[in-house]
Structure formats: C-alpha cells, structure tokens
Amino acid sequence: MFGTFPGSTRGAAGGGGRGATGRPDALRALPTVERLLDDLGSTFLAPLAPIPAPHRRIGGVIVFDPLDEQAVSDGAVVLGVGLSGGPDLHAVLDRLGADGAGALVLREPVVLDDETARLARERGLALLGLTRGASWAQLSAMVSAMLTEPDDETAHETIGGLPSGDLFTLANAIAALLDAPITIEDRNSRVLAFSSRQDEADASRIETVLERQVPERYARLLTEAGVFKRLYSSTDPVYAQLTFDGTELKTRCAIAVRAGGEILGSIWAAVPEELNAERTAALRDAAKVVALHLLRLRAGADVGRRLRADLLSTALEGADGAVFALERLGLDSSPVVVLAAAVGPGTGDGIEGEGERQAQSQRIADAVAMHLAAVHPKASAALLGGTVYGLLPVRAGEAGEAQAARLANDFLARIGSRTPVRIGIGRVSSGPRGVMQSRENAERALRVRLEHGGAESSVALFSEVHVEAMVLELRDRVRAGGEQLTGAIGRLHEHDREHDTAFVDTLRAWLDHLGDVSAAADALHVHPNTFRYRLRRLAGVAEMDLADPEVRFAAQLQLRIFPELADRRR
C-alpha cells in the first residue's frame, strides 16, 4: 500500500513447504548468486568485485560472528556485520572459503584492495556491498524469503498465464496494466509482493516495503479516514487522498481480493488520478487472478506443512521409511539433534482451553520452523501430537548440543514470556536409529522441564537432566505397578499417619541438608534441639542406621519416587 524497492521485480511470495510445482523444499533447486543480484540489486546489493561463480546455489543466510564457531551451510550468504576492507578481512575470507560459504556481504562504503579481490576469487566467494539505508535485518529477511520461493526452472504450473504463486510477476503485470506501481497485501497490511517503479510513489511507500508491513501510523490514518471500512465492504475500487504531517501523499487506489465471502487481502496502486473505466475493469479482473494465486499459495503451504510433518514424523519414529524420510529432508548424512517443545495450558477450561492450547502450539511450531530455518536451510519442525519437534543439523558432540541450547534460548528470548514454552534437547546423533534415540532424549528432557521447570519458559539438555529423567520414570513405574512403601520409610510414613507426627519431613530435611541440623531445623521452622530429638525418635521408629550410606541412599530414593511422598515435597 505505501512502499517498495525501486527497480526490484521479485521477492517472497509467501511461505510454505512447497513451491509452485508442489515439490518439497528438499527437492527444490535453490536460487543462485546471479539471481540474488538480479532480485535485490540496486536496492540492496551491488558487487564489490567480479563474481567468481554467478550460478552457484545459495544455501542459506547467516550473520558472521568471529567469536562463534558457526555451522555454515554450503553456498551460504554471510552477513559481515561490522566487517570492513583491509588485511583483517583476509583471515575471514580464508575461514569462510574453507567452510564453503558462497557470498560475503559488507556494509558500504567499503574499498577493497586487489589482494582482497584476488583472495575472494580464489576462495569462490562473491563479495557484495549492502547499500546505505538498507538494514541487515531487511536483507536477511529478503534472502530467507527467496529460499522459500520456487526456482524459475521448476515453475511450470500457471494461473492466468503466470507462474502459480509468483505474486511478484503478477504485481508487475498489474502495474503494467494500470501504469502505476502496486503492492499486494494480506488482511493485516503485510506486503506480500510489490512491482517495480516504486520510486514513482512516495516515501511512505518505500518505508512500507522496506518493513514489509504498513507502518502503524499510516495504518491508523487509513482506519480513521474509513478507508479500510470502505475497502472491505465494497467490490469496487476505493480511493484515498491523505495528508501526513503536512505532506500530501500520492493518491491510493485499492481493491479487496476476495474468494467467495472471504477477504484474502488487497491490491494497492499509487496513481496520479482516478482510473478510467478500462483500467478499473482491469483492476477488478486482476483481483480475481490474485485471489486464485493466494488460494494456491495457502493450499501449497498447508500441503507442504503436512508433507514435512509426515517426513519428520517418519524420521523421528525410526521405523520403515526413516532412511528415505531423512534423505527427503536432506538430513541423512549430517549430525543432527532433536528438539521437543510444549506450551503451557490454555487460559480456558474444557474444549475452549484445549483449542487455545492447540492454536498456540501451531503458532509456536511455525515460529520454531522459521527460527531453525534461519540458522540452517535443511532444519525442519512440525507439530506432532501436541508436541513441537525440531530436527536441526549441528556440529558433532557437545559443541552441537551447546549450539542447539543457544538457539533454543535465543528463540525463547524472541517470543517473550507471554506464552511459556519448555524445550527439551536430545543428544547429537546421526542415522535413523540415532534420530529416534535423540527424540526419546528430547522428550525425557522436556518432561523434566514440564515437571520441575516452574511457570517460566526454560530449556533442558538431556545430558544435564538425565538423572532427573530416570527418577521420574522410576516414579511412573511405582505408580503403574501400585507398589507400596516398605521398610524404614514405610514404617515412618505409617507412624506419621497414625500419630500425626512429622518424621518423614524431618528425615527429608536432614538428608537434603547433608546432615546439617541447624539448616534442616531452619527449613522446618523448629529449634535445633527439637529437630535432634525428632531425628533420634524417627531412627528408633524406623529401625534405621542413619550412619549407613546405603540406608541414606535408599531413603532418599524412596522419598523421591513414591508419589505419596514426592507430592508432599512440592
């Protein structure tokens, strides 16, 4: 509605697991460095040196951090935040070349010497400059969006003579019909696609497309002027002539995009005057075509989500087809780690509360998928049976677990505390059997966090909560088998019930405080002498030798695994 990148003709046509051909991401050809420059050049990027391999495929986008041993996917576009030209850049080029990166982006202005250009060429790295005024976050979002698009060579299905789902090509076609720059937006005023010639609009339009969202102040202005109300209640184009901070904005012509009674979005054109009858009719027809493309994108996203969920489920179960599923996901030959996440209960009761929880879980699953994909293009995530699972390629060993934990904590920091999320992380593994074991690890770690993590979001590595997980499983076995307390602890528990004493709590406090009578007495709010008296009495009642380490261990274990005792601890 209010913005775009001058001269740019393509971009992100929505998300989803499939492109226009319906092929899953793992089988879709990735965009090339050449196409990256074609799509984002002049607005975002410019080559700083001759491109050594223009047809090399882009394998992801990461931010360079000299203090972090990051996993760099083959062909990755590396955002060199804070880097500049000079000798210090040579070591970075050596490192990225060895890791298989495809391009390094530096903030302009930057002057490169001949030695740097030669080194980049030998390492196969494209050196690109980020234009002044554009942000790193915007560039990262645009490159990530390109990775979700179908490649031109695979887009054979068409709607209205244009590649299915390619909203940017469609936006340019509509702009040619109307002789005006246009944007295609969803119901929340997020920019789905934009045409070229946006420099003919105004500053508000540029800001909108840079942010991929109509800024709140402009959206408020449109709402107060009644533009949205007229737009969504009419099948005809509506016009808006607005003034912001004393500046008159270029006239906007908009039409709602509908599918039956559902409003899918809208088309906005920056026009010098009202459209004539012929162009008005063309805009109405264009809205119908855009509706078909948006429906196709939505259907493709749903189908793609189900496909990846099925593949992920098969891989996690480790049953027949797991090898094939990992191959389709592109994770058959690298170390991976499984993450399991769950959200807190809904705020309502019954069906409404469960429905809210399911909706929250799906939103978290989508957010996890996006967060992991930003780190590694082959990562995948899906909601399976109320639990969000993620499968992430990492480095081998403990470094991979630390990497996964860092990503999980970053994710929780980004989503905030409004929706508590607990995450369990399994051991690093590979192959179908290893993935299944890592899933079991992640589930066990997640349960520890759900049982003992409190109300806040938290992350647990299985390797750090292994013992706690085993204690919970022992408790399950005791509960399922209906086993009864026996021995010394059984006698204490029975005495407490019959005589209203607190011998079990006294013994627990003494064991928890490693025999420190003063600290244990403080915990129970009694005098140390009273505590010593109780300790002597319970030793006699239980017929137990508190000096024997085996006796103490048996007592601690029973106090934790028998539900009637463990529940009193909380």
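The values are calculated or read from the model by the stated rules, or taken from the named source; none is laboratory data. Just so it is clear, the structure is predicted and the values come from calculations on it, not from any experiment. Glycine gets a Cβ as well: all are built from the backbone with ideal geometry, and neighbour counts include every protein chain shown.
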Could you tell me how many of the residues in the stretch 20-48 are assigned to a loop (DSSP other than H, G, I, E, B) and either in contact with a Lys or Arg (Cβ under 7 Å, 6 or more places away or on another chain) or at pLDDT below 80 (or both)?
11
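Condition check ((1) touching a helix residue (DSSP H, G or I) at 6+ places or on another chain (Cβ under 9 Å); (2) among the small types (Gly, Ala, Ser); (3) on the phi < 0 side of the Ramachandran plot; (4) modelled with pLDDT of 85 or more) across all residues:
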| residue | (1), (2), (3), (4) |
| --- | --- |
| GLU108 | no, no, yes, no |
| ALA120 | yes, yes, yes, yes |
| SER140 | yes, yes, yes, no |
| THR158 | no, no, yes, no |
| THR169 | no, no, yes, no |
| ALA173 | yes, yes, yes, yes |
Quick one: in the stretch 301-313, which of the residues that are in contact with a Pro (Cβ under 9 Å, 6 or more places away or on another chain) and not hydrophobic (A, V, I, L, M, F, W, C) is modelled with the lowest pLDDT?
GLY304
Can you report the number of residues in the stretch 456-467 which are part of a helix (DSSP H, G or I) and crowded, with 18+ Cβ neighbours inside 10 Å?
2
Output for the stretch 432-441, where each listed residue is out of contact with any Lys or Arg (no Cβ under 9 Å at 6 or more places or on another chain) and in contact (Cβ under 8 Å) with a residue 40 or more places away in the chain
PRO432, ARG433, VAL435, MET436, ARG439
Qualifying residue in the stretch 438-455 (condition: among the polar types (S, T, N, Q) and surrounded by fewer than 23 Cβ atoms within 10 Å (Cβ to Cβ)):
no
Answer yes if at least one residue in the stretch 180-187 is of a type in the set (A, V, I, L, M, F, W, C) and either under 16 Å from PRO272 (Cβ atoms) or surrounded by fewer than 20 Cβ atoms within 10 Å (Cβ to Cβ) (or both), and no otherwise.
yes
Where ALA369 falls short, out of the listed (1) modelled with pLDDT of 80 or more; (2) within 20 Å of GLU440 (Cβ to Cβ):
(2)
For the stretch 203-219, check the following and say yes or no: at least one residue is over 32 Å from the mean Cα position of the chain (by Cα), modelled with pLDDT under 85 and not hydrophobic (A, V, I, L, M, F, W, C).
no
Could you run through the stretch 211-236 and say how many residues are among the charged types (D, E, K, R), free of Cβ contacts under 8 Å to residues at least 60 places away in the same chain and not in a helix (DSSP H, G or I)?
1
Being surrounded by fewer than 20 Cβ atoms within 10 Å (Cβ to Cβ) and of a type in the set (A, V, I, L, M) narrows it down to one of ILE206, ILE174, so name that one.
ILE206
From the residues in the stretch 72-99 that are surrounded by 20 or more Cβ atoms within 10 Å (Cβ to Cβ) and at pLDDT below 80, which one is nearest to GLU398 (Cα to Cα)?
VAL72
Report, ordered by the first and then the second residue, all pairs with beta carbons closer than 7 Å, sequence separation of six or more or different chains, a first member in the stretch 277-289 that is at pLDDT below 90 and buried (at least 16 other Cβ atoms within 10 Å of the Cβ), and a second member that is part of a helix (DSSP H, G or I) and basic (Lys, Arg).
none
The condition of being under 25 Å from ALA322 (Cα atoms), out of contact with any Ser or Thr (no Cβ under 9 Å at 6 or more places or on another chain), of a type outside the set (Asp, Glu) and at pLDDT 85 or above holds, among GLY426, GLY397, GLY390, GLY434, only for GLY434
When restricted to LEU294, LEU264, LEU249, the only residue over 36 Å from the mean Cα position of the chain (by Cα) and not β-branched (Val, Ile, Thr) is LEU249
